[in-house]
Each structure stands twice: as C-alpha cells, then as structure tokens.
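These notes are about the structure you will find just below.
Bear in mind that the values in this text are calculations on the coordinates, not laboratory data. Note that the coordinates shown come from a computational prediction; the quantities given were computed from them, not determined experimentally. Here the Cβ positions follow ideal geometry from the backbone for every residue, glycine too, while neighbour counts run over all protein chains shown.
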Amino acid sequence: MSVIFPNQDNKVLIIVATNFPYQNGEPYLEDELKIISPNVSKIIIALPEGERNRKLNQVNTIPKNVEIVLFSSELKSSEKFTAIFSLLSVSVLKEFFNLKFFTKAKYSVLTLKTMADSFLRAKKFEKELEKYLLQNNLLKNNLSLVSYWCTEYSLSLVNISKKHKSVSVFSRLHAWDIYLERNYGNYLPFRKEIFEGLKKGLVISKNGLEYIFSNFNGIDKKKFIVSALGVLPGKFWSSNKQNHKLRILTLAFISKVKRMERIIEAFENIDPQIEIDWIHIGDGNFDYSKFENLAKDKLSKKKNIQFSLLGKMSKQEVYNFLDSTYFDLLLNSSDTEGLPVSMMECMARGIPVVAPNLGGIPEIVEHKKNGYLLSKDTNSEEIKKTIEFFINLENSEYEKYRKNAFETWGKKYDAQKNYSHSLDEFFN
C-alpha cells in the first residue's frame, strides 16, 4: 500500500470514487483521468468500500501515474450495532439540529438511522485514509482531496482537512447527491458540515446549482460553481434521414423513472406509413424484463416497427457503436434527470435529442434548434407527434439540427476543455 513520491512538492490528487475502475458506475472518470493525469505527478483513486471490488477485473483503463487503493470502510455487523451510540457525538448532535434549520428534513427513525450509519462510515474511512496519508508522507502542499460524489465520505475528507491545513477538499455534485427528494426520507446526511468544509463544490448542471442555493439555507454561494462533465469527440454524421423513416436510439439504464412505456406506446400508435428502426442500449434490474416483454408484446406484430434491444454495453462499446451506426434521434422520456451524459455522447456525433423539459436537460437541449423539448409530464401522444415533426422536416432543415447539436457539444461538453478547467480548480 506504500508509495514514494520523488518530489513531494509536486501536485498530488486523491479522488474518492465508488467502484472505478472495477465496475461501470463511474465510466466518465476514465476520460477525465486521460486528460488531467499528464498535469499532475500522481493521482490516487481511493475506494472506501474497496473489499467488494477486490476480486473483480478492471473494466476501465488507467494512466501510468494513477494508482488504485482499496480501503475497507464497510461496516461490520458489530459496528452497525454501535450506530445508536454515535447519536451522542458532537457532530451527530449538530446534524440533528441542522436537520430542521438547514435542510428542513423531517425527523424519523429512518433519518436517524441514515445519520448514524453515515457518521460511522465517514469516521471509519477518515481514520483509514488519514493513516494512509501519514504513512506515505502525503500531507504536504499541493494535496487536493476530491470526492467524485457528495456522500458521507466527503465528510471524511472535510474532517481530515480540519486537522491538516495544507489539504484542500473538493466535491463533484451530480443529481441523486443533490436532490433531496431522490433519497429516502428526503434526507442527505451532513450537508451543512460538508458544504462548510469544501474549498469548492463542482456541480455538473446549472439546475443542480440553483437547487442547492434554493434548498440549503445559509451556504456560501461563492464556493459552488457549474462544472459540467464532458465526453471525447466522436464521428460527426451528416444527415442520412429518409422520407417516412427514422432510426431512433434510446440509451438508458432501465428503471421506473425512465418511463420507457411512453416510447413503446408512441411507436405502437404511430401512423403505419411511418417506419421506425429503434435500437435500445442499456440493461436494468427487475424492471428490464418488464420493459423487454412490453416491447415484444406491443411492437412485434407492427410491420412498420423494427427494434433491437442490445442490453448492456461498456462506455467504449457505446462509443464504437455510435461511431459506426447512423441515428436520426436520441429519445428520452424520463420523469427525472440531472444532465445526462448520453445526450453529450450523441451530440458529439451530431445526433439531435428529444427529451422532457426537466432537470438539467434544457441546458443541453435547445428547443427546435439542436433537438426538441417535450413537456415535463410528457406522454406517448406528445412523443408520437414529435417523431412526426422530425419525419416531416425537410432534409436541409434537419441538417441544421445535427450541426447545432455538434456545436453544442463543442461549446459546452468537450471533455478536454471541461476537465482541464476542473484541474485548474483543484490546484488554484
């Protein structure tokens, strides 16, 4: 576990992730590392719950100066039993008070359990990581600790920075780790303490930033900035749209909030003169079989509908597929979204996006310019009419959508630009 750096004054970056590079939960960290690694002496990916990844093979590649360190911060049964005693700690008592005045969450047994469990996990990882930093003489200048998600482990980093003033702490904030209503009991633990201890919070969407400002009382707004994710360039496809036919892509992990039944119903009820070639990429848990069965039941006998459910693909497999396959539209029908990277991936190839006007989607989809914004509570009828809208576009008009989509990627979601800016923040 020990590492030696020849020049301790060089920039060292520690990124706390969940399962990268062993599982697919953080695939875009791979691109970020490619871009930022040449500009630092060492990057350490710290996995607090690393035991679950120890026997897995890597699914992502990493640069030579990136090291993966597995910690063991999962709570044992005996440690979970002591969770009730953590309610007597000063930090937890403060959080109990902040619950009402900072986030306005409700007191409940579930909230208290989450609070205690998160506190114990944070303290365990704090102790393990601090020991590692001391053993490897890393608590020097130019050490930045970055939490890829804003979780209880962000609290671990904040607590370390309180004891070691040379350490700066940053956190990305995505969607589920921002929006209270996406969490059990509308509660995200220790937000006040984490937010106060951050040097900077990097929020991936303007919508998320505005949500933080509106829902967390008394925070220092200057600490938070929009720092969008990004994707690498792809192959730009000029229009190959055919009369009365569209090739449509859906790209999502199947869950209830994706509302894929809306899309299936739209395809089922569309004018029989319109041909649809639909390809779906992405798997799911128990919801996937329902989705698959619904698609087969509703669409198998429709002569004008061709569909292929390709299931799970790695990020690189998705990139390769998009670079070798033409699509007219990316279609999304979710009830909730942050700022979907799938839309960036498609716009990097000139594919217009149709999606509901919610979350961070309006930041990437400009209505009737690079795509089409559906209503927040869209339905199959609206989706059907939108497909017909694109069918009826003259090819010259449709080509503008493709060029505008590609320009949107270049201006807002180019990985090289966005991750270089993130690195500047980490060592500013």
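Within segment 249-339, list the trypsin sites (Lys or Arg not before Pro) lying in a DSSP loop whose Cβ has at most 11 other Cβ atoms in a 10 Å radius. Intermediate results must be reported in sequence, preceding the final value.
Working: sites: K256, K258, R259, R262, K290, K296, K298, K301, K302, K303, K312, K315; in loops: R259, K301, K302, K303, K312.
Of the trypsin sites (Lys or Arg not before Pro), the ones in loops of segment 249-339 whose Cβ has at most 11 other Cβ atoms within 10 Å are K301, K303.
What relative contact order, as a whole-number percentage, does segment 264-390 give when Cα pairs under 8 Å and 6 or more residues apart are counted?
22 percent
Which aspartates and glutamates does K235 reach when only Cα atoms under 18 Å apart count, and residues fewer than 8 places away in its own chain are ignored?
Within reach: D31, E317, D323, D328, E345, E399, E407, D414.
Show me the ranking of peptides 348-358, 41-51 by mean Cβ neighbours inside 10 Å, starting with the highest.
348-358, 41-51
If a/c stays under 1.5 just call it rounded; otherwise compare a/b with b/c (prolate if a/b is bigger, oblate if not). Do that for the chain, with a ≥ b ≥ c from the square roots of the Cα gyration tensor eigenvalues.
Working: a/c = 2.06, a/b = 1.68, b/c = 1.23.
Prolate, since a/c reaches 1.5 and a/b exceeds b/c.
Can you give me the distance in nm between label points at K368 and D271, each placed 7 Å from the Cα along the Cα-to-Cβ direction?
In this crude spin-label approximation the distance works out to 1.9 nm.
Give the aspartates and glutamates whose C-alpha is closer than 18 Å to that of K76, dropping any in the same chain fewer than 8 places away, or say none.
Within the straight-line limit of under 18 Å, K76 reaches these aspartates and glutamates: E49, E51, D117, E126, E128, E152.
Put +1 on the Cβ of every Lys and Arg and -1 on every Asp and Glu Cβ in the chain; which of N137, L180, S420 then has its Cα farthest towards the positive end of the dipole?
Result: N137.
E26: net charge of surrounding residues, Cβ under 15 Å, Lys/Arg +1, Asp/Glu -1, itself excluded? Write down the numbers at each step before the final one.
Details: positive: K34, R52, R172, K315; negative: E30, D31, E32, E49, D177.
Counting the neighbours of E26, the net charge comes to -1.
With axes computed from alpha carbons, what is the tilt in degrees of helix 109-135 against the longest principal axis of the chain, rounded to the nearest 10 within 0 to 90?
Here the helix axis deviates by roughly 70 degrees.
Suppose every Lys and Arg Cβ carries +1 and every Asp and Glu Cβ carries -1, with no other charges. What dipole size does the chain come out with about its Cα centre, to the nearest 20 debye? Write down the numbers at each step before the final one.
On the way: 61 positive and 51 negative charges, 198 e Å.
Roughly 960 debye, rounded to the nearest 20.
When the label point is put 7 Å from the Cα of D297 along its Cα-to-beta-carbon vector, which residues of segment 226-261 have a backbone N closer than 13 Å?
Those under the cut-off are 261.
Which aspartates and glutamates have a Cα less than 19 Å from the Cα of K222, not counting those fewer than 8 places away in the same chain?
E193, E196, E210, D424, E425
Based on the Cβ-Cβ distance of V90 and N183, what FRET efficiency does E = 1/(1 + (r/R0)^6) give at R0 = 41 Å, to the nearest 0.05? Write down the numbers at each step before the final one.
Working: r = 24 Å, r/R0 = 0.59.
Working from the Cβ atoms, E equals 0.95.
What FRET efficiency, computed as 1/(1 + (r/R0)^6) with R0 = 35 Å and r the Cβ-Cβ distance, is obtained for N304 and K411, rounded to the nearest 0.05?
E(calc), rounded to 0.05, equals 0.40.
Highest first, please rank the peptides 220-229, 264-273, 336-345 by the mean number of other Cβ atoms sitting within 10 Å of their residues.
Going by the mean number of other Cβ atoms within 10 Å, highest first, we get 336-345, 264-273, 220-229.
Positive end of the charge dipole of segment 245-412 (Lys, Arg +1 and Asp, Glu -1 on Cβ, about the Cα centre): tell me which of S314, A266, W409 has its Cα farthest that way.
S314
In this model, which of K104/K163; K312/K369; K200/K258; K312/K368; K123/K162 are farther than 21 Å apart at the alpha-carbon?
K104/K163; K312/K369; K200/K258; K312/K368
I'd like to compare 125-133, 58-66: which one has the highest average count of other Cβ atoms within 10 Å, and what's the full order after that? Let's see the in-between values first.
Details: 125-133: 19.3, 58-66: 14.6.
Answer by packing, highest mean first, reads 125-133, 58-66.
How big is the antiparallel share of DSSP beta bridges in the chain, given as a percent to the nearest 5?
In the chain, DSSP labels about 5 percent of beta bridges as antiparallel.
Label segment 245-412 by shape, choosing from rounded, prolate and oblate, from the square roots a ≥ b ≥ c of the eigenvalues of the Cα gyration tensor; if a/c is under 1.5 it is rounded, and otherwise prolate applies when a/b is larger than b/c, oblate when it is not.
rounded
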